[in-house]
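J.: Below: one structure in structure tokens.
Derivation of every value follows stated rules applied to the coordinates shown; laboratory data play no part. These figures come from a predicted structure and were not determined experimentally. No Cβ is skipped: glycine too gets one built from the backbone with ideal geometry, and neighbour counts run over all protein chains shown.
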Amino acid sequence: MSFLIKFAHQWIAGEDMEDAIERARKANSSGSGAIINFLGEHIRDKEEAQVNKNENLRILEAIKDNRINSTLSIKLTQLGLGMDYDLCLSNVEEIVGQAASDDIFVWIDMESSTYTHDTIEIYLSILKKYKNAGIALQSNLLRSENDARRIASSGGIIRLVKGAYNENSDVAYLSRSEVTVNFSKIMGYLFYRVPFFAIATHDERLIYEAIEANKAHQKKIEFQMLLGVREELKKELVNKGLTVVDYIPYGKKWLPYSLRRIRERKQNILLIFRSILDI
Ligand code: FDA
């Protein structure tokens, strides 16, 4: 377990919000923007939703007070989705509303396919009132191409990711190559259809494909990557004058997030196995 904690630490700013602010400051000083995320998902009661909402409001205040170039990213099951749809909607509305008055952008992370429909509904409903919010779409899901069309035609803003959750074949592409091809396809659509979107991948081929495509499209795009992943590539893109943004999670509930990071790379799984065998 202690190896796991140490290993996971590379992807997490720390346990406290101040740790995330410090990392965001570091990202800013190396030429990147930041996205701060308070870890936690699948809450069990309304009190927890309230605590999580308050923590997200505290992040907004800290971004403003510290004059940091950062957005906020939220997970809806942290704010009541899966338990009470209306409570979640009202929590998201309060956070995005506060962010609008502070001139801060809010990203809505996408969780497993169980929540895709409701997450998009909440996003589109928020979008009617506020424009400072965007949503992640996962290229591993069969439905995402249609979702991209629907969100784009509502004026929404998309962060395109491959998808970090285990899904099955009735809802998702399962092979890495299909997920990559679909990423490329949705990205191509977004280049034609929207003025701004985020490409959230560490896959160099997709990143360079986007850079190449944008020579013709001249859209506003940003490359978002996770804290602790492909730091050299981030520098390389910053040096090219591209917009790079570091996703910076913090908090005590680091395990589910870290397990997703471990699972998505064979080398990480092997390292964990080796550490267990060494005991
Ligand atoms: P891929 O997995 O093919 O990785 C490409 C290369 O990046 C690898 O070869 C390796 O070099 C490096 N790499 C990738 N992951 C690594 C790791 N854990 N450790 C070390 N190296 C690694 N998902 C989701 O379902 N909902 C969401 O809301 C989001 N949000 C989000 C925001 C941001 C800013 C990013 C970058 C990613 C997400 N994701 C996400 C996660 C995403 O879906 C995906 O699981 C990871 O980004 C890994 O996939 P890649 O696109 O990087 O490709």
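J.: Straight-line reach only, C-alpha to C-alpha below 21 angstrom: list the lysines that residue 129 could link to, leaving out same-chain residues fewer than 8 apart.
T.: The reachable lysines, counting only those whose Cα sits under 21 Å from residue 129, are 53, 75.
J.: The range 1-33: which GluC sites (Glu not before Pro) are DSSP loop and have at most 14 other beta-carbon atoms within 10 angstrom?
T.: Taking the range 1-33 and a limit of 14 other Cβ atoms within 10 Å, the loop GluC sites (Glu not before Pro) found are 15.
J.: How much length is gained if the chain between residue 26 and residue 58 is pulled fully straight, taking 0.36 nm per residue apart and subtracting their Cα-Cα distance, in nm to one decimal? Before the final figure, lay out each step's value.
T.: Details: separation 32, 0.36 × 32 = 11.52 nm, distance 1.98 nm.
Additional length available on full extension: 9.5 nm.
J.: What FRET efficiency comes out for residue 66 versus residue 114 if R0 is 35 angstrom and r is the Cβ-Cβ distance? Round to the nearest 0.05.
T.: 0.45
J.: Could you work out how much longer the chain between residue 169 and residue 275 gets when fully extended? Use 0.36 nm per residue separation minus the Cα distance between them, nm to one decimal.
T.: Full-extension gain reported as 34.9 nm.
J.: Before rounding to the nearest 500, sum -39500 (n - 2.57) across all DSSP H runs of length at least 4 in the chain and divide by the residue total; then give [θ] at 222 nm in deg cm²/dmol.
T.: Computed ellipticity for the chain at 222 nm equals -16000 deg cm²/dmol.
J.: Which value in nm describes the separation of the simple spin-label points at residue 128 and residue 1, placed 7 Å from the Cα toward the beta carbon?
T.: 4.7 nm
J.: Moving to a separate point now. Would you mind checking 162/240; 26/64; 6/252 for any pair whose Cα atoms are more than 19 angstrom apart?
T.: 162/240
J.: A further question follows. Distance from a point 7 Å along Cα→Cβ of residue 10 to each backbone N in the range 250-268: keep the residues under 15 Å and list them by number.
T.: 258-268
J.: Turning to a different aspect of this structure: When the Cα atoms of the chain are enclosed in a convex hull and the volume is divided per residue, what value in Å³ results?
T.: Hull volume over Cα atoms, normalised by residue count, gives 130 Å³.
J.: Multiply the residue gap between residue 47 and residue 239 by 0.36 nm, knock off their C-alpha separation, and tell me the result in nm, one decimal place. Write out the running numbers ahead of the final one.
T.: Values: separation 192, 0.36 × 192 = 69.12 nm, distance 4.50 nm.
Taking residue 47 through residue 239 to full extension adds about 64.6 nm, to one decimal.
J.: With a 10 Å Cβ neighbour count serving as the proxy for reagent exposure, in which order, fewest first, do 273, 197 appear?
T.: Numbers: 273 10, 197 26.
The order, fewest Cβ neighbours first, is 273, 197.
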